[in-house]
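The values are calculated or read from the model by the stated rules, or taken from the named source; none is laboratory data. Predicted model, so just to flag it, every value in this text is computed and none were measured. Note that we place each Cβ from the backbone using ideal geometry, even for glycine, and neighbour counts take in every protein chain shown. Only protein heavy atoms, including side chains, enter the accessible area calculation; ligands, DNA and RNA are left aside. Shrake-Rupley method; radii C 1.70, N 1.55, O 1.52, S 1.80 Å.
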Amino acid sequence: MTLGILLGYVALLLFVTVFSARFLKRSSGDYFLASRGIGSFMLLMSIFGTTMTAFALVGSTGRSFSKGIGVYGLMASWSAIIHSACFFLIGARVWALGKKHGYVTQLGFFRDRFRSDGLVLCLFPVMVSFVLIYILMGVVGSGRVIEALTPETFAEADAKTAVVVQELPAKFAIPGSWKDRLSYDAATKTLTLTGSIHPKRRGELFKMAGGPPTLAWKQTVGQLIQKAPRGAVPYAVGMGFICLVVLLYVFFGGMRATAWANTLQTIVFIVMGVIAFLVITSKLGGAAEATQKLLGSPMADRATRGGGQLHKLQFLTYCFIPLSVGMFPHLFQHWLTAKKGSSFKLTVWAHPLCIAVTWVPCILVGIWAAAELPATTNVNSVLGIMVAKHSNEVLSGLIGAGILAAIMSSMDSQFLCLGSLFTNDIVVRYGKRFGLGDVSDRSKVMIGRAFVLVMVLVAFLIGLAEPGGVFPMGVWCFTGFASLFPIVFAAIYWRRANKQGAIAAVITVAALWLYFLKDALKGEFLIGGMMPVTIVIGASTLALVVVTLVTPPPPRDLVDKFFPKRVDQT
Amino acid sequence: MRAAVVLLLLALCVIHHDMWWWGEAEPLVFGFIPIGLAWHVLISLAAGAVWWLASRFCWPADLDQLDAE
């Protein structure tokens, strides 16, 4: 049933994107930028959907389970202030410059603003690497979510799992509905299960004790469930399937389909998050009851930030992480799709409210779970377990669709952006030197698709190795983007900013990012109690300012192009 | 108005670091939201309100002119 609902959602998504493709004009401008015709509501949904990854549902629940309510302050309320600042100060300005000068990509803007091919050649590999890691998070996340949501999809009737029973309960009996799947051999004291099993069936096995299950029986059941196949959709298949779905609608509908898909997916994940919260709350006996249960448990610290869960400097310096949205190349491309500058107004003020609606339920479910689940529970599974424990298969499927929607709504923009960066900033720019001649509109789209295909294949192959620590990987990826923020800010607001300073900043970020990479991927990594982004962004700002001031200023005509007299100053 | 909006945003950044409720769970707002979480939800909502003021009263004039062209 769960798998059927997930497939139904994917079918609906493809229908919506195929429908949107009917409006597609056969030009690269429409493929990459939806002809700069996206209105206020779709812009809000696209931008919110793109900035909220699987972190928003799965990550926030898991982190609050282990770190308490402080996770909201770290990620959500800082983002409410800083993201909107980026949209107001950077997004709307970039849109205006893009409209005036016809930019299609972030790197196109930087090339023109700093009049430097060298800067673009430095930034391209850095950006592609960061986006690739971002895509990898989505790819790995989707494989794990589908695997977790689809136990017993396949019966696996040939599989036999046996465990030795140390102490059989006195009133042990196998009910009729289990007789063809479960048997007990008294001679060898072996319990044998045939086929796959959903972990949710733990309760049914406990009941076979004929009374309150003893500790020994609970351990036997635990061993059986751990050893038996789950019969879920395999991780690699789930991962590949989601990549294929996103590739399909990005390839055939470009930015227009991506914007439509993001609108649908953002609505789906917000609504499903709220539904999951209401169902879980009701099953826990109400919100007040759930909080009281937490406060009465040994995990009561989760309702605070005390008990060493968070460092105060870490809490303060996390403010730099949301600056990453100012440098996401895929978000940059969404900004360029706006129909008008005023289309940004809704995004600027409604984004903080969307964050609150999405994050508050997840944080509450996460802290309540701390009183319900063992502390050793995998943090990425907390939401899935709470949903499975307190809802039925239909709801699991719907909520699973919401989680996949959050993942796909970021992946699609990243796919499109990679294609657009490679085509417009590398192939079109340097193709002639390699005998490619003028690249037609149709060829641009085809080359963009081919590059995306290669990058997705790379992400898929890395994903097959099941890299651990999706959360640290994500934070480190955001650290890289955030540390490049001074470049875009200077490009827009500092007349004196020049290419030498920008290149120095990029090299500084790349060097420090690689230097700390090993430590960062191990888990929570702080420097002197601070988020490492504080050091990296400080160093990149210093490099930008110092190198700019000791090198010649940009040419006068370049300054005049980007800093004309403002209307309100005349 | 521009100065007022900037001051409000700076105030939000300052009160974001609410050390005074660092180790407190109670009082519970609406009977179930720990005070530290409720404070940050309030900051999110206040951020929405301040950014509404910014987009209503501080929107750059040159962007409006570009819309009109």
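For the condition surrounded by 24 or more Cβ atoms within 10 Å (Cβ to Cβ) and in contact with a His (Cβ under 7 Å, 6 or more places away or on another chain), what is the one hit in A:V325, A:V279?
A:V325
I'm told A:G307 meets every condition in (1) assigned to a helix (DSSP H, G or I); (2) at the interface with chain B (Cβ under 8 Å from one of its Cβ atoms) except one. Can you identify the failing condition by its number?
(1)
Against the conditions (1) modelled with pLDDT of 90 or more; (2) more than 11 Å from every other protein chain (Cβ to nearest Cβ), where does A:A80 fall short? Just the number, please.
(2)
Pick from the stretch B:34-69 the residues that are of a type outside the set (A, V, I, L, M), facing another protein chain (nearest Cβ under 7 Å) and touching a residue at least 12 places away in the same chain (Cβ under 8 Å): which of them is nearest to B:L12 (Cα to Cα)?
Among those residues, the one meeting the criterion is B:H40.
Hey, could you check the stretch A:174-204 for residues that are surrounded by 12 or more Cβ atoms within 10 Å (Cβ to Cβ) and of a type in the set (G, A, S) and say which is nearest to A:V387 (Cα to Cα)?
A:S196
Filter the stretch A:230-247 for residues that are assigned to a loop (DSSP other than H, G, I, E, B) and small (G, A, S); which is least open to solvent (accessible area, probe 1.4 Å)?
The selected residue is A:G231.
Is it fair to say A:K160 is over 38 Å from the mean Cα position of the chain (by Cα), open to solvent by 50 Å² or more (accessible area, probe 1.4 Å), under 28 Å from A:G210 (Cβ atoms) and not small (G, A, S)?
No, not satisfied.
Could you name every one of the helices (runs of 4 or more DSSP H) located completely within the stretch A:313-413 that has at least 1 residues being within 14 Å of chain B (Cβ to nearest Cβ)?
Once the helices (runs of 4 or more DSSP H) in the stretch A:313-413 are filtered for at least 1 residues that are within 14 Å of chain B (Cβ to nearest Cβ), what remains is A:329-336, A:344-370.
Criterion first (within 30 Å of A:K99 (Cβ to Cβ), open to solvent by 40 Å² or more (accessible area, probe 1.4 Å) and of a type in the set (A, V, I, L, M, F, W, C)) does B:W52 satisfy it?
Criteria met by B:W52.
For the list (1) more than 25 Å from A:W349 (Cα to Cα); (2) crowded, with 24+ Cβ neighbours inside 10 Å; (3) at pLDDT 75 or above, I need the number of the one condition that A:G4 fails.
For A:G4, the exception is condition (2).
Confirm whether B:A25 is facing another protein chain (nearest Cβ under 8 Å), in a helix (DSSP H, G or I) and crowded, with 18+ Cβ neighbours inside 10 Å.
no
Please give the number of the condition A:V379 fails out of (1) surrounded by 24 or more Cβ atoms within 10 Å (Cβ to Cβ); (2) at pLDDT below 85; (3) of a type in the set (V, I, T).
Every listed condition holds for A:V379 apart from (1).
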